[in-house]
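S.K.: One structure, pasted below without further comment.
The values are calculated or read from the model by the stated rules, or taken from the named source; none is laboratory data. Since we're looking at a predicted model, the values are computed, not measured. No Cβ is skipped: glycine too gets one built from the backbone with ideal geometry, and neighbour counts run over all protein chains shown.
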Amino acid sequence: MAAYYTSGNTNIDHILEHCKRRLSPYHPLSDEAIRMTLTAPDGAYNTLGPLVQKHHSNLHIVLMDLYSVLITGYLFLQHGSEPDSQQQQQQQQQQRGWYKWSSVQRRLRDGAEPLPILTAIRHERPWKVWVDKEHPFRDQDDPMTSREQHTETVDSWFQWFEMTPYEIGCDELEAWVPTWGFGRPFELGKSTMQLPEQSLALLLGLCTSAPAGPLNSYLATIKRNLPPGSIGNVVHDLAHKITHLWGKQRTEEFQQHHPLHACNEHNFMFHLTPVARGQARPPGIENSPRIHLIDSGLDNNCPTYVLLRPEREVDVIITMDASSDVHKDCFHQRVDQIGSRRGMHYTKRLDKNHNNEGLLYAQVYDGTPAERPATVVDSYGHTVTNPPAPVCYADNTMIYMPLLPNERAVPGFDPSTAKFSGSYNLVWTPEQIEMLVKVAAANFAAGHDRIRRVLLETYEKKKARREGRA
């Protein structure tokens, strides 16, 4: 999506052709790919410059920062020959320095393109609360702290951040910053260091940093891939024994640990709320000079949360799901998790008057306001306290379009099980890309009529309400 709005000049055909030439034969982190990226015109500056700027702002560079700039740098690297001189001129104009997300605003004027929203999440762990900027967490050796911490079970949760070309922030925290200002150090709501806008590569690194997720995300991946039977049962029994031995809270803390450090970013909420002179600031995120954001798919693979932001008053959501477990039909659980957090309940619609193919490729869920339950089942199968979130009060409809096999388009190809189309593969041949595009296009065509009927139905309902008020 980011490439479509920047290097692709909002031309999907250009993006597909670029992918066919760029995604093979090298892996983005291979020696050959890194050499190509750094030796391209201005390649070293555009790729490593964002890290130099980040280091200059007194942030520690971690492995995920390198992951961000090297992968994005290679994937966005343009070929020397362009189809026409006008496109080449536009490309050169854009590549004066690194890509900036706020520059996409010009693509959105007068509704020319839909608003793109990148998402990332922050892992809120109540037992790791910032006391002040010098003492990030409560003293683990304090017997009173330890006793309070482990006699009462506290669940962690994820706070969703959205990144548009206009602003970056979190509606749960009710805090936002202009996109061009994200990456600067802040205090009391004002930037304390003038810096150029952060590179889009670093933002994309936050949104795709699944390797920096908590330990339970790794455990869940292993569990999903265990064969049914004795091995799976042994692992399940071992997990129960550990929970019984450590207690639920200590097990929770262990599973919520992040083995790989997430990227450090300046916290634009640092000391945001004024306090009286001599008064201690309450513990919490405003005491943290840094925040750490990771891939939102670790909480939910569908970005329903940001689309259900109450101010958006959304009518219809079209969810296209290319998850690796899409064939396991677990979407209803995912939409219930986020829906319950937003005060929405979704019911799958059964339409007997429509062909079965359309029902499969365009599944309709009707959302209605409902009371927020006290607990929800998270993406890892745990029953946890329902995390806080602003409530959505308006009815809406969701059209779920899973990336399923389509024998008419590409016989014998299953996108969710084919080895080359797995989540961790970054090397694609032109033929493999074409196969995926054919299946996606055929699936959309199969559900097209149902989408049109839902949109027309929604329009007629809104029209009737408007005329009723008149």
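Per-residue answers, yes or no, for (1) over 26 Å from the mean Cα position of the chain (by Cα); (2) free of Cβ contacts under 8 Å to residues at least 60 places away in the same chain; (3) part of a loop (DSSP other than H, G, I, E, B):
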residue: Cys19; (1), (2), (3): no, no, no
residue: Tyr26; (1), (2), (3): no, no, yes
residue: Arg35; (1), (2), (3): yes, yes, no
residue: Leu38; (1), (2), (3): yes, yes, no
residue: Leu48; (1), (2), (3): no, yes, no
residue: Val52; (1), (2), (3): no, yes, no
residue: His60; (1), (2), (3): no, no, yes
residue: Asp65; (1), (2), (3): no, no, no
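S.K.: So is Tyr400 crowded, with 20+ Cβ neighbours inside 10 Å and either assigned by the TED database to the domain that holds Trp160 or in contact (Cβ under 8 Å) with a residue 12 or more places away in the chain (or both) or not? Talk me through it step by step, then tell me what you get.
M.R.: Values: crowded, with 20+ Cβ neighbours inside 10 Å: yes; either assigned by the TED database to the domain that holds Trp160 or in contact (Cβ under 8 Å) with a residue 12 or more places away in the chain (or both): yes.
So Tyr400 passes the test.
S.K.: Output the number of the condition that Phe186 fails; it satisfies all remaining conditions of (1) under 17 Å from the mean Cα position of the chain (by Cα); (2) modelled with pLDDT of 95 or more; (3) over 25 Å from Met1 (Cβ atoms).
M.R.: (1)
S.K.: Looking at region 403-421, which of the residues that are among the polar types (S, T, N, Q) and touching a residue at least 40 places away in the same chain (Cβ under 8 Å) is farthest from Ala440 (Cα to Cα)?
M.R.: Here is the first cut: in region 403-421, the residues among the polar types (S, T, N, Q) are 406, 416-417, 421.
So of that shortlist, the ones also touching a residue at least 40 places away in the same chain (Cβ under 8 Å) come out as 406, 416-417.
Details: Asn406: 9, Ser416: 12, Thr417: 15 Å.
Once the filter is applied, the top-ranked residue is Thr417.
S.K.: Additional query: Please enumerate the residues belonging to region 283-323 that are of a type in the set (Ser, Thr, Tyr) and either within 22 Å of Ile117 (Cα to Cα) or without any contact (Cβ under 8 Å) to a residue 24 or more places away in the chain (or both).
M.R.: Going residue by residue through region 283-323, those that are of a type in the set (Ser, Thr, Tyr) are 288, 296, 304-305, 319, 323.
Ser296, Thr304, Tyr305, Thr319, Ser323 - these are the residues of region 283-323 that are of a type in the set (Ser, Thr, Tyr) and either within 22 Å of Ile117 (Cα to Cα) or without any contact (Cβ under 8 Å) to a residue 24 or more places away in the chain (or both).
S.K.: Just to be sure before I move on: is Asn287 outside the structural domain of Ala394 (by the TED database), of a type in the set (S, T, N, Q), surrounded by 18 or more Cβ atoms within 10 Å (Cβ to Cβ) and over 17 Å from Ala120 (Cα atoms) in the structure I sent?
M.R.: Here the answer is yes, as Asn287 does meet what is asked.
S.K.: Please determine whether any residue of region 332-351 is in the same structural domain as Tyr424 (by the TED database), acidic (Asp, Glu) and closer than 30 Å to Glu187 by Cβ. Before you say what the answer is, go through the steps one by one.
M.R.: The first filter runs over region 332-351 and keeps only residues in the same structural domain as Tyr424 (by the TED database), leaving 332-351.
If we keep only those that are acidic (Asp, Glu) as well, we get 336, 351.
When the remaining residues are screened for being closer than 30 Å to Glu187 by Cβ, the result is none.
There is no residue in region 332-351 that is in the same structural domain as Tyr424 (by the TED database), acidic (Asp, Glu) and closer than 30 Å to Glu187 by Cβ.
Yes/no matrix, rows are residues, columns are (1) touching a helix residue (DSSP H, G or I) at 6+ places or on another chain (Cβ under 8 Å); (2) of a type in the set (Asp, Glu):
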| position | (1), (2) |
| --- | --- |
| Thr375 | no, no |
| Asn386 | yes, no |
| Asp395 | no, yes |
| Ile399 | yes, no |
| Gln432 | yes, no |
| Met435 | no, no |
| Lys438 | no, no |
| Val454 | no, no |
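S.K.: Taking the conditions exactly as written (within 13 Å of Trp101 (Cα to Cα), buried (at least 23 other Cβ atoms within 10 Å of the Cβ), of a type in the set (S, T, N, Q) and assigned by the TED database to the domain that holds Asp65), does Thr164 satisfy them or not? Give the derivation first.
M.R.: Numbers: within 13 Å of Trp101 (Cα to Cα): yes; buried (at least 23 other Cβ atoms within 10 Å of the Cβ): no; of a type in the set (S, T, N, Q): yes; assigned by the TED database to the domain that holds Asp65: yes.
Considered against the rule, which asks whether it is within 13 Å of Trp101 (Cα to Cα), buried (at least 23 other Cβ atoms within 10 Å of the Cβ), of a type in the set (S, T, N, Q) and assigned by the TED database to the domain that holds Asp65, Thr164 comes out as no.
S.K.: Also, I was wondering about something else. Read through the list (1) over 21 Å from the mean Cα position of the chain (by Cα); (2) surrounded by fewer than 15 Cβ atoms within 10 Å (Cβ to Cβ); (3) at negative phi, then give the number of the only condition that Phe270 fails.
M.R.: Going through the list (1) over 21 Å from the mean Cα position of the chain (by Cα); (2) surrounded by fewer than 15 Cβ atoms within 10 Å (Cβ to Cβ); (3) at negative phi, Phe270 breaks only (2).
S.K.: If only one of Gly447, Gly412 is in contact with a Gly (Cβ under 6 Å, 6 or more places away or on another chain) and either modelled with pLDDT of 95 or more or not assigned by the TED database to the domain that holds Ala210 (or both), which one is it? Write out each step before concluding.
M.R.: Working: Gly412 fails: in contact with a Gly (Cβ under 6 Å, 6 or more places away or on another chain).
Just a single option satisfies the conditions, and that option is Gly447.
S.K.: Sort out which residues of region 324-336 are in a loop (DSSP other than H, G, I, E, B) and touching a residue at least 12 places away in the same chain (Cβ under 8 Å), and write them in order of number. Give the steps one after another, and end with the answer.
M.R.: So the first thing to find is which residues in region 324-336 are in a loop (DSSP other than H, G, I, E, B), and the list is 324-325, 329-330.
Residues satisfying the conditions are Ser324, Asp325.
S.K.: Given the options Gln93, Gln89, Gln53, name the one that is more than 20 Å from Cys19 (Cα to Cα) and at pLDDT 95 or above. Give the steps one after another, and end with the answer.
M.R.: Working: Gln93 fails: at pLDDT 95 or above; Gln89 fails: at pLDDT 95 or above.
The unique qualifying residue is Gln53.
S.K.: Here's another thing I want to ask about it. Can you pull out the strands (runs of 3 or more DSSP E) entirely within region 353-440 that have at least 3 residues that are within 22 Å of the chain's Cα centre (by Cα) and under 29 Å from Glu313 (Cβ atoms)?
M.R.: On the way: elements: 363-369, 375-377, 383-385, 396-402.
Strands (runs of 3 or more DSSP E) meeting the threshold: 396-402.
S.K.: If we keep just the residues of region 174-190 that are touching a His at 6+ places or on another chain (Cβ under 9 Å) and assigned to a strand (DSSP E or B), which is farthest from Ser102 (Cα to Cα)? Spell out the reasoning first.
M.R.: Step one: of region 174-190, the residues touching a His at 6+ places or on another chain (Cβ under 9 Å) are 182-189.
The next check asks that each one be assigned to a strand (DSSP E or B); those that pass are 186-187.
Working: Phe186: 19, Glu187: 22 Å.
Among those that are touching a His at 6+ places or on another chain (Cβ under 9 Å) and assigned to a strand (DSSP E or B), it is Glu187.
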